[in-house]
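Report on the following structure.
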Ligand code: AMP
Ligand code: MG
């Protein structure tokens, strides 16, 4: 197995002079050198073939002893530069000071087969100077969740960090799952995460908070040169580069969040240390997927009181986080009005992406207009607005509903058939999305909405190819919380079949997959209140 490292982060940025692996505050440095703590008996739980291939690893490599040693942290290649990054962050709205990689250790950067730089990071690889109270380890359940979800998100077309593999360590880790005093020993695991960089908003906030402009500038210049070279002015970083950079981060963040809203993903811990400057979904913890459409839902029990990170609040929270990032760049850009304008651009960019996405979910084109002679008073936007209200009236499975909507027939007159369609015919594709039998009142409201919808589609002339377009943005298979939990239950019993099966199903989320009906079912009743399915804590 051949991985060649080129460690630009370690090479170009100031390092902590101390190599003592002891919890402490680290000043004037972007990272500390630290090696993973070996594990007893690593074993393979899951591997992502596309990521392995992108890194130039063969099937034989993936199933070798060396693979287990390397990605569990037991063997550190000579040209790797293992490190833990220093960063801070705002947690639940409050400045939390130094956080840093408390259990993630980066091996270094490799160039993938496409020529792109990829950092390989082992999460759960042991304590670092940033471990604070933690043990530096991760448990199997949260590692499987991160592994499966980052790959699922990628295949859904959502910008995200990737995952090469999840390995069990053969060691046990003590955790209090619900923070209720019931500690238990759980199997430990390590996930190898892969991304061009794991630099976060909090990576900049820490130096700004300490008035350490030298380190702040060094990190910002490195980030720009390595990851945003198109923004340099004749190869140089100038104050205006920072403003343009911030505007670009606002745009990529807006697009990422619009994708979350499209697929029904709730991050769960949108602290500023969990926001990537590359606009990638990062740090999968107590995330969740919307089963029944409910914008107030949060999967995170730690967030239950205020629901700060609920599904519907994500666009606004991302803006709040961007404002904290802007504050930390202000000493470099010194352009308050430019940064404010960029932040305002976020709202516009999100609204635009979200509007386009909502139109596409209904089968309209982002720019389709009513044709001459249009009769319908609705716009795609007003239709979507009323649809969300209908979905909020009773528990309606978001994924199944949109997927079913594509199957609703076109208006009868448009199809050249009989002018009348029975209500049953219209409703039939949607009934499977309901968690309880819809009332007569709801059925009437839905039928009347469907007539408006059909009319509007005709008016916009978008019936041709509508189903295919809708099925390309409305996934059939998402990582439902209960499915992840079933895979975890089996894995904790030593059977990893379901992990691998889910990985495969979720790699083609928009395709019909006959025989895989089990993975498209709405949440079963038993999962409504089971920990891991409807509620998760940060314990991981
Ligand atoms: P998170 O909530 O996963 O974003 O983590 C917040 C901070 O806590 C980060 O600095 C993590 O590295 C750290 N952390 C979380 N779990 C552990 C652990 N088991 N051991 C050490 N540090 C941890
Ligand atoms: Mg984090």
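Computed from the coordinates by the stated procedures, all read-outs in this text should not be read as laboratory data. Note that the coordinates shown come from a computational prediction; the quantities given were computed from them, not determined experimentally. Heads up, the Cβs are rebuilt from the backbone with ideal geometry, glycines too, and the neighbour counts pull from every protein chain shown.
Quick notes on this one:
- Proxy reagent accessibility, fewest Cβ within 10 Å first, across 165, 533: 533, 165
- Nearest 10 degrees, 0 to 90: helix 336-362 Cα axis against the chain principal axis: 40
- Centre separation in Å (Cα based) which lies between region 459-502 and region 207-253: 37
- FRET efficiency estimate (nearest 0.05) - Cβ-Cβ, residue 365 to residue 184, R0 41 angstrom: 0.20
- Linear extension gain, residue 78 paired with residue 468, 0.36 nm per residue minus alpha-carbon span: 135.4 nm
- Placing a label point 7 Å from the Cα of residue 500 along the Cα-to-Cβ direction, the residues of region 123-154 with a backbone N closer than 20 Å are 140-141, 143-152.
- Exposure proxy order (Cβ contacts within 10 Å, fewest to most) of 120, 479: 120, 479
- Converting the Cα gyration tensor eigenvalues of region 380-461 into ellipsoid dimensions via √(5λ) gives semi-axes, longest first, of 21, 14, 11 Å.
- In the chain, the DSSP-assigned H stretches of four residues or longer account for a calculated mean residue ellipticity at 222 nm of -12500 deg cm²/dmol, using -39500 (n - 2.57) per stretch and the full residue count as denominator.
- Separation of alpha-carbon centers, region 506-540 and region 22-56, rounded to whole Å: 28
- Spacing of the two label points (7 Å from each Cα toward its C-beta) at residue 355 and residue 95, in nm: 3.7
- Modelled FRET efficiency - R0 30 Å, residue 133 with residue 327, Cβ distances, 0.05 increments: 0.60
- Sequence of 317, 144 once ranked by neighbouring C-beta atoms within 10 Å, starting from the fewest: 317, 144
- A crude spin-label estimate for the pair residue 18 and residue 174, with each label 7 Å from Cα along the Cβ direction, gives 2.6 nm.
- Cβ-Cβ FRET estimate between residue 420 and residue 40, R0 fixed at 60 Å, reported to 0.05: 0.30
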